[in-house]
Each structure stands twice: as structure tokens, then as C-alpha cells.
1. Run residue 375 past the list (1) buried (at least 18 other Cβ atoms within 10 Å of the Cβ); (2) within 22 Å of residue 497 (Cα to Cα) and report the number of the one that doesn't hold.
2. Would you mind stating whether residue 81 is over 15 Å from the mean Cα position of the chain (by Cα), hydroxyl-bearing (Ser, Thr, Tyr) and modelled with pLDDT under 90?
3. Quick check on segment 292-309: of everything there that is hydrophobic (A, V, I, L, M, F, W, C) and in a strand (DSSP E or B), which residue is surrounded by the most Cβ atoms within 10 Å (Cβ to Cβ)?
4. Among the residues of segment 158-199, how many are in a helix (DSSP H, G or I), among the acidic types (Asp, Glu) and open to solvent by less than 20 Å² (accessible area, probe 1.4 Å)?
5. Can you confirm whether segment 95-113 contains a residue that is free of Cβ contacts under 8 Å to residues at least 24 places away in the same chain and of a type in the set (S, T, N, Q)?
6. Please enumerate the residues belonging to segment 121-172 that are modelled with pLDDT under 90, farther than 19 Å from residue 196 by Cα and of a type in the set (A, V, I, L, M).
7. Restricting the search to segment 209-257, which residues are assigned to a strand (DSSP E or B) and hydrophobic (A, V, I, L, M, F, W, C)?
8. Based on what the data block shows, is residue 289 aromatic (Phe, Trp, Tyr), in contact with a helix residue (DSSP H, G or I) (Cβ under 9 Å, 6 or more places away or on another chain), open to solvent by 50 Å² or more (accessible area, probe 1.4 Å) and not in a loop (DSSP other than H, G, I, E, B)?
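The values are calculated or read from the model by the stated rules, or taken from the named source; none is laboratory data. Everything numeric in this text was worked out from a predicted model, so none of it was measured. For neighbour counting, all protein chains shown are included, and Cβ atoms are generated from backbone atoms with ideal geometry for every residue, glycine included. Note: accessible area is taken over every heavy atom of the protein model, side chains too, but ligands, DNA and RNA are not part of it. Shrake-Rupley method; radii C 1.70, N 1.55, O 1.52, S 1.80 Å.
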Amino acid sequence: MTDVNKPAPMLAVSNLGVVFGKGPGEVIAARGVSFTLDKGETLALVGESGSGKTVTALSILGLLPYPLARHPAGSINFRGSELLNAPEETLRHVRGNRVGMVFQEPMTSLNPLHNIEKQVGEVLEIHAGMTGPAKRARVLELLSLVGLPEAESRLGALPHELSGGQRQRVMIAMALALGPDILIADEPTTALDVTIQAQILELLGDLKQRLGMALLFITHDLAIVRRIADRVCVMKDGAIVEQGTVADIFAAPRHDYTKRLLAAEPKAKGVPAPAGAEIFAAESLKVWFPIHRGVIRRTVGHIKAVDGVSFSVAAGRTIGVVGESGSGKTTLGLGLLRLVASEGEIRFQGARIDSLTAQALRPLRRHMQIVFQDPYGSLSPRLSIGQIVAEGLTVHRLGEARERADRVAEALREVGLDPDMRDRYPHEFSGGQRQRVAIARAMVLRPKFLILDEPTSALDVSVQAQIVDLLRELQAKYSLAYLFISHDLRVVRALADTIIVMKDGTVREAGEAGQVFGAPKDPYTRALMAAALELKVTPS
């Protein structure tokens, strides 16, 4: 029986369908999706990559690539107004003002040519008419609210000058600028380390209570769902297969797919294989970026992104690098591969490469590969995934055309993608699928040393476990050496033999993985471990 006294939900999605293309190429991305969202409530959409979570969220604000996308059925009712197929003027009023959105990939959502102050301020100027000192003060308030360090000095920074986690915090600040009724957060903590995850989740919870804001939270991380959500919708193949309260779903899941998601976890690392010869090493590596001031751009100091880091990794072994966003993890990887200027000794297979010219270093690059954190930003939108994966083979002139095609197909299968997808383009894949393409691109060259910069950050928990298993198999088969950069300590623990803990460009603690995880010595390491435990899903 319907409760006639119960107020209507703030948002009601009913029987929503989303279809891409027409005819034989038609793809059903969502079907029969129905849920409600009340004032002050948090609803989580959970499922594997490609399950329809993001497509459903983008439909609410009319942000799908129309007319390629269409809605054969459904209704999206926001505070009594129908948004599905609404006029553009109506949607413009709702976007930002009434419903804010944090997108999954901040690097592609932020304008690379505009500084942070301009981009956050643009929202305030266009929608709220704020200008001058008032606008600047509000920008600083928002950036401080989301925990951006040294916010005032960052106002002139361009997106590429921030870490992945810092860029995501800027996106959250933009979405919260106007105090929306509903905040749609599409994987807002994907690029963040565990301590900042905890801070952002606490921030969102506080804002929700203070403003009466509703939160539609899209994630693959069940630990976050359990901490922040009131209700959960589990999606698979474009449909909601189960929904209910967090307590009910975690305590007594009914659908087999939900049970598999809850059971998915990267397996603990077994006894490591005997270490082989040293593959890669660094001694006192430094990456300092100059700070320029004044009209003549005088150097007045340096940002010490990496300051005196030393390590070595042998064939068949993995060294994990953990630390907060901005700690220097990614810069360390770029410095090792000579993709940014660095000082210090760098050895590959016993020979120094830090003094080699770019031309002399080029033949070695096929043996030293990297998987970047942001797969959408690192994949060319103009190339098919077959061309992307084959590009390294072509550049290094490996094999004939037929052999290259076979190696591309093999690489795609290894990362869980159908080789028949090779003619599709990056925008046609989910975030997790794009990350698998990036891994295939690196693996197709069969490198000896591979830097993995957050390779599982965009993947749901079940695929994380699959990728960890895949990396182990490839490592065992080819005696690969890995430098594994991640903020997800669960994944690091499952893969790494030794650990480096970084903060502010320096190593705070290093040692065997068992010792660092089991009995951390440094207070900063202990704080990281405590934050990871706080987010951990424990069986009911």
C-alpha cells in the first residue's frame, strides 16, 4: 500500500532505457532502470565497468552524445519536472545550479589551457554572477574545503601541474560551488589515496547533512559504499539486478552477481619466486621543478617532487610505491624513464642510462614501458584500440603486419578484451575497459621493466583481482620487474615484494612488504595503514 503522506522523492528515474546507434550496430547500454533519491539520502550505483552506471547518471543531466544516444523509454523526474528529452534551456538551469556532477576523469574534464582559479571561478561567474575579490575568496574557500594543499599558491596552476588526486579535488570544488540539491559523484575517489579518500568521504557526508543535499554515488569500491551509502543499486549489463539498504545488501545479498562482487578481492601474494638479476635501480634520484617569479621569470626556489630516492628491483620481483597524492610517486616513475629531467644514477640491466641521449635511449624504451594513471588522456581518440596497441610494434619495427595483428589480438585477450573490439575507439569503452587497453599497449612489447601507475584505479573490484592475477602470470612467464604505484594498499599488498612509502618527495619507510604492512615503523606509514583499515569491507 502506498503511503500518501510520504513526500515525493527529489529524483525519480523510471524504466530508463539508453541505446547507442541503430540497426545491426545498436548497443543497449541501459534498460528498465528505476530508482528514487530522497533529500539528504546517499544512493550508490555499483557494478562492473560497462554495467551502465555512468550512462544512467549522464542521462539525468542530458549529457550523453545525442543523437548517437537515444532513450526508447523512461522518465527522469526532478522535483516535479521531467528532464528526459527536456529543452536545452531547462537542462542548463538544472546543470550546476540544482544538480552538480563530478566526472570520473578530471584530466579530460578540466581545460588544459586555463588555470585552476579561472576554471573554478567560471562556475561562480556564469551561474552566480560573482566577480572580483568575492569570486576569488569563494574559489579559495572551495579549494580549502576539498583539502587542496597550499590552495592560494595553486590558483595559477594548470591541470597538468597537479597530481591526479589534486585534479579530482578541483573537480569536486567546481561541482559544490553552487550548493546543488543533488551531487552526482562518478568515481570521485578513484585517483585518491586512502587518507584523502577518507577526508573526501567525510567532507561529502558533512555537506550532505549541512545542505540537505542528496548524493548519487557511482563507484566500484564496495568499501566506500558500505561507509557512505544509505541504499545500493547493483547494476549488471545495463539493468539493476538488486537494490536495497546497505545493511541488507551486505548482510544477505540475494543475486548471484552481488555475491560475486562482495567476494571479489585480490588474492594474497604467495611465496615470491627467487629474485633474478637486477633489472632496474636508482641512486639518489632527484626531480626538482624550478619556481619562477617576476617579469624575467627568475628562479627563486624549487619544488622537490622527488628528493634523493634510491631502490633496486630484480627480475621477477615487484616494488610497490605508496603515498598520498602529490607525494612524488608518479614523478618518480617519469624520472626513472627519463620522461622528465632528473639527477642521480639510473641503471637498466646494470648499465647507466641517466647520461644517454634521447636517440641512444630510444632502442631501450621497448624494454621499459609504463601504464599511465589516466587511460583516457593517454589513449589517442583518433586511433582504434587495435592501432593503439599495435603502435609500439610499428615504432620499434617488430614483426610483419600479420604477426603484429596476432600479437595485438593476444594482448587484448590477456587483459580480458575481445579481439573483435579492435576496430572500436577509446570513447566507446568504459573507464575500466580503457585501462585494460592501456595495459595491453604496454604488454604487447614484452618489456623487461614495467612501471604501473595506478593500473587498477579505474577498475571494479572483480576486475582488479583479475588484473592482479594477470600481472602475476605475466611476471612469472617473462620474469618481468614491476614498479607498482598505487594508493590502494589492498592491491599493493597482493602484488608487491618490497614497499617504498613516500611523502613530500622523500622515502619515509622502505622494506619487505610483510614487515611494512605488519609492523610499520614510521608514524606516517601507520597513518596510511589505519586509513586503509577504516575503509576495508569486513564480512558481516
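1. Tallying (1) buried (at least 18 other Cβ atoms within 10 Å of the Cβ); (2) within 22 Å of residue 497 (Cα to Cα), residue 375 fails exactly one: (2).
2. Judged against the criteria, residue 81 is not a match.
3. 306
4. Final tally of qualifying residues: 0.
5. Scanning segment 95-113, I find no residue that is free of Cβ contacts under 8 Å to residues at least 24 places away in the same chain and of a type in the set (S, T, N, Q), so the answer is no.
6. 123, 126, 128 - these are the residues of segment 121-172 that are modelled with pLDDT under 90, farther than 19 Å from residue 196 by Cα and of a type in the set (A, V, I, L, M).
7. 214, 215, 216, 217, 218, 232, 233, 234, 235, 239, 240, 241
8. yes
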